[in-house]
Amino acid sequence: MAEAGTGFLEQLKSCIVWSWTYLWTLWFFVMLFLVYILRVPLKINDNLSTVSMFLNTLTPKFYVALTGTSSLISGLILIFEWWYFRKYGTSFIEQVSVSHLRPLLGGVDSSAPSAASAAGGDADSSRQSVSECKVWRNPLNLFRGAEYNRYTWVTGREPLTYYDMNLSAQDHQTFFTCDTDHLRPADAIMQKAWRERNPQARISAAHEALELNECATAYILLAEEEATTIVEAEKLFKQALKAGEGCYRRSQQLQHHGAQYEAQHRRDTNVLVYIKRRLAMCARKLGRTREAVKMMRDLMKEFPLLSMFNIHENLLEALLELQAYADVQAVLAKYDDISLPKSATICYTAALLKARAVSDKFSPEAASRRGLSTAEMNAVEAIHRAVEFNPHVPKYLLEMKSLILPPEHILKRGDSEAIAYAFFHLQHWKRVEGALNLLHCTWEGTFRMIPYPLEKGHLFYPYPICTETADRELLPSFHEVSVYPKKELPFFILFTAGLCSFTAMLALLTHQFPELMGVFAKAFLSTLFAPLNFVMEKVESILPSSLWHQLTRI
């Protein structure tokens, strides 16, 4: 009985909702009928005649002012809509309609899944979205003092955003501090220094810590931010290495004595790995590439579990500089695995190696005549795979977009990762004869395989929708962020643009040809109201003229 009563109430509720959904249409026709019935006592015809006489007395200047004002207002709306779309990626009018007006009118967001049906699948998709939109430390990030600050001194522009530098500060606190720092005065000072926002205050704190003790993290901060050349940074990192190795050996002996000692050893390990990696990067920047490769290989052998630093990407770039393509292939065979996270460096380096085998003899005309060979097909498939992973890279490699200094953090599959990859690897693509020509001829074919990138993917997960927002936070404001897939202009921008142009044209024509536009307006209005007049005549012929009098008698 209870279930039957509940079902009846649900049916009654659905019937009421359905009736109210369509009741406004019936109400509209009833109002029209009442207006027609009451047209005589309400003197509608007389009022319409008065309005028409008033409109006939208006001069063309009034219509010029009317159309000009309409054009101005629609133009202002167009400018605001365009600014809002460029900044937030959506239409302001559409957003207000969906967010505020649609709920008032009883609309339901069809994209919002029900609680019962979306418990499992949506949880997985949300985890996937969060993981794909995770911000990663740039393996090839530049030095602030020797590179980023020099750019600021020359151009007056800030290459790093506050969001990016704040993420770096969080990384430094995670890697270079531990709970026992307060027991050592120098480390306690550096713990506060990594939280300091002012660069000069951080540098002063590092000098203060060095006055107390040989502190490895203090040397790291000075090498990163105070050194104005790579040579100065390398000297400071060598001093940091000497201090860091001593701390690492001492903590290694005590790591099993308790949780605090284990945390301290973990911190000392991170410090040592960071110093050696930056020393290898200094050697690479100073032209000692073979030395840098040896340092990176030794570091990867000594600490094989610290994959979070992505040292293999530094190794790949250095090996490409040496043109040691066999060694590059060996590194790719280890890290280009289905179980490991991908990156633009992995995917595009694999594409470069396969393109190298065929690019020097590749010709699009010959390929169209005879078809692609097996090697050429493999190269094209590798390019399509790379472009699907990060579709922003080809425009930078083909120099269709200008490069900027890469940020300290990147978003995989985003514009920030594309900039970081192209900044260091463009020279390697140029060195391989015909590789950029092959990329230019084939990269756009990827989009024919994945026409709906946000809904499905071909070799990877569907392209995440959060990349544009995260990249705008990571990249400086003077850079035009690459957006994929390219967003179409909202309807209201097109509508206001057409309205603005149309009313401006009417204002101009009315000002130049007032009499002709008057004749045209009258003809247009008479044509527009002709069907209404025809319906009115038919209704009057059907209904008796004395219907109102009969209703008053009743």
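The values are calculated or read from the model by the stated rules, or taken from the named source; none is laboratory data. Owing to the predicted nature of the structure, the values given are computational and were not obtained by experimental measurement. We place every Cβ from the backbone using ideal geometry, glycine too, and count neighbours over all the protein chains shown. Side chains included, ligands, DNA and RNA excluded: accessible areas come from the protein's heavy atoms. Shrake-Rupley method; radii C 1.70, N 1.55, O 1.52, S 1.80 Å.
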Requested in this report: May I ask you to order 279-286, 67-74 by the average number of other C-beta atoms within 10 Å around their residues, highest value first?
Outcome: 279-286, 67-74
Report task. Find the Cα radius of gyration of segment 491-536, compare it with 2.2 N^0.38 Å by division, and give the number to two decimals. Result -> 1.51
Query raised in the report: With every protein chain present, what is the per residue accessible area of segment 491-536 (1.4 Å probe, Å²)?
Result: 75 Å²
Report summary line: Restricting to aspartates and glutamates and to Cα separations under 20 Å from K538, and discarding same-chain partners fewer than 8 apart, the set is none
Query raised in the report: Where does each of 426-433, 462-469 land if you order them by average Cβ count within 10 Å, highest first?
Result: 462-469, 426-433
Query raised in the report: From a point 7 Å beyond the Cα of Q170 in the direction of its Cβ, which residues of segment 143-164 have a backbone N at a distance under 16 Å?
Result: 161-164
Report summary line: With label points set 7 Å from each Cα along the Cα-to-Cβ direction at L212 and K301, the distance between them in nm comes to 3.9 nm
Requested in this report: Calculate, in nm to one decimal, what Y325 and Q200 gain on full extension: separation in residues at 0.36 nm each, minus their alpha carbon distance.
Outcome: 40.6 nm
Query raised in the report: Once Lys and Arg get +1 and Asp and Glu get -1 on their Cβ, which of L426, N437, F478 lies farthest toward the positive end of the dipole of segment 335-488?
Result: N437
**Report entry** Student exercise, segment 335-488 dipole from Lys, Arg, Asp, Glu Cβ charges, in Debye to nearest 20
**Finding:** 380 debye
Query raised in the report: Cross-link list K235/K395; K235/K342; K192/K235: which exceed 27 angstrom alpha carbon to alpha carbon?
Result: K235/K395; K235/K342
**Report entry** Residues in segment 383-406 that a label on A333 would reach, taking backbone N under 18 Å of a point 7 Å out along Cα→Cβ
**Finding:** none
Report task. Counting only heavy atoms of the protein chains, get the accessible area per residue of segment 139-323 (1.4 Å probe) and round it to a whole Å² value. Result -> 49 Å²
Requested in this report: Could I have the simple spin-label model distance between L34 and V154, label points 7 Å from Cα toward Cβ, reported in nm to one decimal?
Outcome: 7.7 nm
Query raised in the report: Of the accessible area of segment 206-356, with the probe set at 1.4 angstrom, what percent is carbon plus sulfur?
Result: 51 percent
Report task. Obtain the nm distance between the two label points defined at E10 and W82 by a simple spin-label model: each point lies 7 Å from its Cα along the Cα-to-C-beta direction. Result -> 5.2 nm
